[in-house]
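Here it is: the structure, laid out below.
The values are calculated or read from the model by the stated rules, or taken from the named source; none is laboratory data. Computed from a prediction, not measured in an experiment: that's the story for all the values here. Neighbour counts run over all protein chains shown; Cβ positions are idealised from the backbone, glycine included. Heavy atoms of the whole protein, side chains included, go into the accessibility calculation; ligands, DNA and RNA do not. Shrake-Rupley method; radii C 1.70, N 1.55, O 1.52, S 1.80 Å.
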Amino acid sequence: MLRVENLHKTYRLRETGADLRAVDGISFEVERGGILGIVGESGCGKSTTARLLVRLEEPTSGRIELDGRDITAARGSQLEQVHRTVQLVFQDPYASLNPRLRVGSALAEVLRVHGRTARGQPTRARVAELLEMVGLAGEFARRYPHELSGGQRQRVGIARALAVEPEVLVLDEPLSALDVSVQAGIVNLLGRLRAELGLTYVFISHDLGMVRHLSDRIAVMYLGRIVEQGPWRAVSDAPLHPYTQALQAAVPVADPEREQTQELDAVPGELPDPANPPAGCRFHTRCPLAEPGCRTLDPALERLAPAHDVACHVVSRERGGVAATPGSGGVE
Ligand SMILES: Nc1ncnc2c1ncn2[C@@H]1O[C@H](COP(=O)(O)OP(=O)(O)O)[C@@H](O)[C@H]1O
Ligand code: SF4
Ligand SMILES: [Mg+2]
């Protein structure tokens, strides 16, 4: 359904004139009906990836294919078609809901703009149907955003995305602004909607614990790159990359108090400046396994287990990848 090849997004920083490679050469595929989880610390390029996938921004280079069509530089009617097929759900739908518009009017507006009402069904009925799909009673159509709880607002955010009848939802930290007690309800809703509507998801989170139950594949990002990707159970339960291992160690075990501060102290060591990433392996400044060579040699993403790719010299050598040092016993 989605294929991304060597995707880059570089921002020129106004203050310094420096180039910030927010997304620096990532590749992945998501099959129809599948869920790709993308996980990584704040600032690693997750939201930029999300905006590229829904083509709110144009990539600097690389390629995005949607259902076999190249949408990398889509414009005009082709771009409108992309926006009808791929929808973004934000972390905080409040920020993107017009505070002066009742929920029903906001949904009716989306239906009108995307021409999704002209199938004989009155707009009002379709609005009620959308609300019902996300588990909200019809009377919510008359409410204003400020009259809703966080969970209800996120349901409206999802209803608004569904209004255009998309095939893919890109969910950018949809649970992060919600209380732990509310998150499970949204997770269940997303699972039900995917089954009922045959949707494909890209589910983004800074929390590996959140992504693991929702994804069939997981990609781990660090400073604009994917450092590990593979089947969800392998990546979440037996990660190979030292960074993923650090993320895994930071997943709290049913401790709601820690969950709030988790992002701050998740991985030991300081995140480098994304505008000036370390040479060699970008993780070497924080990596417990780092060797001298890691400071100069940038490891490539390599297949080291079934459908499971890792970018790390040490793991590659231990598992006999192609980049293994000659004589170490790894190369056939
Ligand atoms: N429009 C922009 N202009 C300049 N820098 C940006 C812009 N958007 C994002 N960035 C930078 O790109 C990096 C990745 O940001 P983002 O994709 O939001 O990461 P995440 O969602 O993983 O926290 C950050 O260093 C951020 O400051
Ligand atoms: S390449 Fe070196 S620094 Fe990078 S993750 Fe592997 S061991 Fe750590
Ligand atoms: Mg983000």
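In the Gaussian network model of the chain, springs joining C-alpha atoms below 10 Å, which of Q121, Q78, Q154 carries the largest mean-square fluctuation?
Looking only at Q121, Q78, Q154, the biggest GNM fluctuation is shown by Q121.
Here is a further query. Can you give the charge dipole size of the chain about its Cα centre, rounded to the nearest 20 debye, using +1 on the beta carbon of Lys and Arg and -1 on the beta carbon of Asp and Glu?
Rounded to the nearest 20 debye, it is 1160 debye.
If you count, for each residue, the other Cβ atoms within 10 Å and average over each peptide, how do 1-9, 296-304 line up from highest to lowest?
So the order, starting with the most tightly packed, is 1-9, 296-304.
Roughly speaking, what is the centre-to-centre gap between region 94-160 and region 1-51 when only Cα atoms are used, to the nearest Å?
Computed from Cα coordinates, the inter-centre distance equals 30 Å.
Give the ranking of D179, D24 by solvent-accessible surface, highest area first, calculated with a 1.4 Å probe.
D179, D24
How much of the DSSP beta bridge set in region 2-318 is antiparallel, as a percent to the nearest 5?
Just about 60 percent of them are antiparallel.
Under a 1.4 Å probe, what is the accessible area of the chain per residue, stated in Å²?
The answer is 48 Å² per residue.
Based on the Cβ-Cβ distance of L271 and E109, what FRET efficiency does E = 1/(1 + (r/R0)^6) give at R0 = 45 Å, to the nearest 0.05?
FRET efficiency, L271 to E109: 0.70.
Of S181, S96, which has the most accessible area with a 1.4 Å probe, and how do the rest follow in descending order?
These residues rank, largest area first, as S181, S96.
Let me ask you something else. I'd like the Karplus ³J(HN,Hα) series for region 125-133: coefficients 6.51, -1.76, 1.60, θ = phi - 60°, whole numbers in Hz, and an x wherever there's a Gly or Pro.
The phi angles translate into 5, 5, 4, 4, 5, 4, 4, 5, 4 Hz.
Right, here's the next one. For region 2-318, state the average projected area of the convex hull of the C-alpha atoms over all orientations, rounded to one decimal in nm².
17.3
In the chain, what percent of the accessible surface is made up of carbon and sulfur (1.4 Å probe, ligands and nucleic acids excluded)?
The value for the chain is 49 percent carbon and sulfur by accessible area.
Hey, another quick one. Using C-alpha positions alone, give me the convex hull volume of region 114-225 per residue in cubic angstrom.
129
If the viscosity is 1.567 mPa s and the temperature 4 °C, what translational diffusion coefficient in µm²/s does Stokes-Einstein give for region 27-125 when Rh comes from Kirkwood over Cα pairs?
D, rounded to a whole number, is 81 µm²/s.
While we're looking at this one, here's another question. If I take R0 = 35 Å and measure r between the Cβ atoms of A195 and L297 in this structure, what FRET efficiency does the formula 1/(1 + (r/R0)^6) give, to the nearest 0.05?
0.20
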